[in-house]
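Below is one structure, written out as structure tokens, with a few remarks after it.
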Amino acid sequence: MVNVLFIFGAVLIVWGIYRMKTDDGLFGENRKSKNIFNLMLMGEASGLGQFLSGILCIIIAIIAVIMK
């Protein structure tokens with residue numbers, strides 16, 4: 001199960017980076033503000049949300065390994 005969390009977290013991180021670089025936001029002057037607005041508006045549909053979820057999955061997997 002821990003391996004699945006590592007793999008899923010890595011996939012989410014890569015996908016989030018790709019989405020942050022390619023998606024256009026509705027509002028915002030630069031890419032960073034567009035990504036933050038998309039995160040607040042659409043939640044996990046934004047690249048930033050996927051990126052942060054991937055990091056969270058890897059952190060949870062590390063905690064699970066330590067507790068095991």
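The values are calculated or read from the model by the stated rules, or taken from the named source; none is laboratory data. These figures come from a predicted structure and were not determined experimentally. Please note: Cβ atoms are built from the backbone with ideal geometry, for glycine as well, and neighbour counts cover all protein chains shown.
Values computed for the structure shown
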read-out: Complete set of residues in the range 8-19 that are in contact with a Ser or Thr (Cβ under 8 Å, 6 or more places away or on another chain) and of a type in the set (A, V, I, L, M); value: L12
read-out: K21 vs. criteria at pLDDT below 75 and either surrounded by 12 or more Cβ atoms within 10 Å (Cβ to Cβ) or not hydroxyl-bearing (S, T, Y) (or both); value: no
read-out: Set I36, I60: member being over 19 Å from G9 (Cα atoms), touching a Leu at 6+ places or on another chain (Cβ under 7 Å) and either modelled with pLDDT of 90 or more or surrounded by 12 or more Cβ atoms within 10 Å (Cβ to Cβ) (or both); value: I36
